[in-house]
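Structure, as structure tokens:
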Amino acid sequence: MIQAERLRKILDEVDDRGFVSIESLMETLHASKSTLRRDLLTLEKEQALIRTRGGAMSSKARGTSNEPEVSFRRTQQQDEKKRIAQAALSFINERDTILLDSGTTTIELAKLLGDYRSLMVATYDLYIADVLSTMDNISLVVSGGMLRHRMKTLVGYFSERVMEEIHADRFFLSADAIDIKHGCMCYSIEEISVKKSMIKAAKETILLGDHTKFDNIAFINVCDLSEVNTIITGSETSDDVASSLREMGINVVLV
């Protein structure tokens, strides 16, 4: 088993059970104790879990303001994120102007935009900009701003001003946590203003979020769910969550 697959399985075990011991992981993954200790150290450095004596504790116990690295988040729920991105294409028409938020699912969406004849796309995410820069059919706008080195996003006054001047058809929003009461949340206060500017700039806001985002809390609120028109999420999301969202008048797409 390669390390990336092993790391995903460790996180699945930890998040499902809250705590796992080294011994149980050895039985489940058929890996040595020394290998698993190195794996847990790697995941702890990525702030994905908390190591404890003899095992590891779920990252959900680590608080609301520790932001995992993009490189780590891109290894999580990969199949679900690709399904969500594929479903998002049905909301994009030729010659649309769309805004792409920073996020691993929106990166997957960006990869799928090459088949359109003509689109205008604006983003503050340099990973997304890099993907779209190879597509001749995309008229790409990348906001200026201060670079967040860890996340490769451009934030601050200049980024906000660019988004305030745009009139877009749709904004594809990402969130670090989604809750019926608290709405859409993220870890970083630095990205809040540009996200809010993008919501105001678009006729329609579509939230892309895998099932792990629901019923969680992050540091700061981005918007209420009343500001979201559609949520696209994986079929792994519970029926209770989907029903509650629909009762709020939100179009929920399960894929």
Which residue out of T97, T105, T123 is over 17 Å from the mean Cα position of the chain (by Cα), touching a residue at least 24 places away in the same chain (Cβ under 8 Å) and within 23 Å of V253 (Cβ to Cβ)? T97
Give me a count of the residues in the stretch 126-166 that are on the phi > 0 side of the Ramachandran plot and without any contact (Cβ under 8 Å) to a residue 60 or more places away in the chain. 2
Give the number of residues within the stretch 228-255 that are in contact (Cβ under 8 Å) with a residue 24 or more places away in the chain and touching a Ser or Thr at 6+ places or on another chain (Cβ under 6 Å). 2
Is at least one residue of the stretch 180-198 touching a Gly at 6+ places or on another chain (Cβ under 6 Å), over 22 Å from I232 (Cβ atoms) and of a type outside the set (F, W, Y)? no
Residue that is modelled with pLDDT of 95 or more and either in the same structural domain as D16 (by TED's automatic domain parsing) or surrounded by 23 or more Cβ atoms within 10 Å (Cβ to Cβ) (or both), where the choices are L208, L245, L225: L208
Within the stretch 76-95, restricting to residues that are surrounded by fewer than 16 Cβ atoms within 10 Å (Cβ to Cβ) and not charged (D, E, K, R), the one that is modelled with the lowest pLDDT is Q78
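Going by the structure shown, is R38 of a type in the set (D, E, K, R), at pLDDT below 90 and closer than 25 Å to D16 by Cα?
no
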Going by the structure shown, is G234 within 21 Å of L126 (Cα to Cα) and of a type outside the set (D, E, K, R)? no
Report, ordered by the first and then the second residue, all pairs with beta carbons closer than 6 Å, sequence separation of six or more or different chains, a first member in the stretch 108-119 that is closer than 10 Å to A88 by Cβ and modelled with pLDDT under 95, and a second member that is exposed (fewer than 14 other Cβ atoms within 10 Å of the Cβ) and hydroxyl-bearing (S, T, Y). none
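The values are calculated or read from the model by the stated rules, or taken from the named source; none is laboratory data. The structure displayed is predicted, hence computed values, not measured ones. A quick note on method: Cβ atoms are made from the backbone with ideal geometry, for glycine too, and the neighbour counts reach across all protein chains shown.
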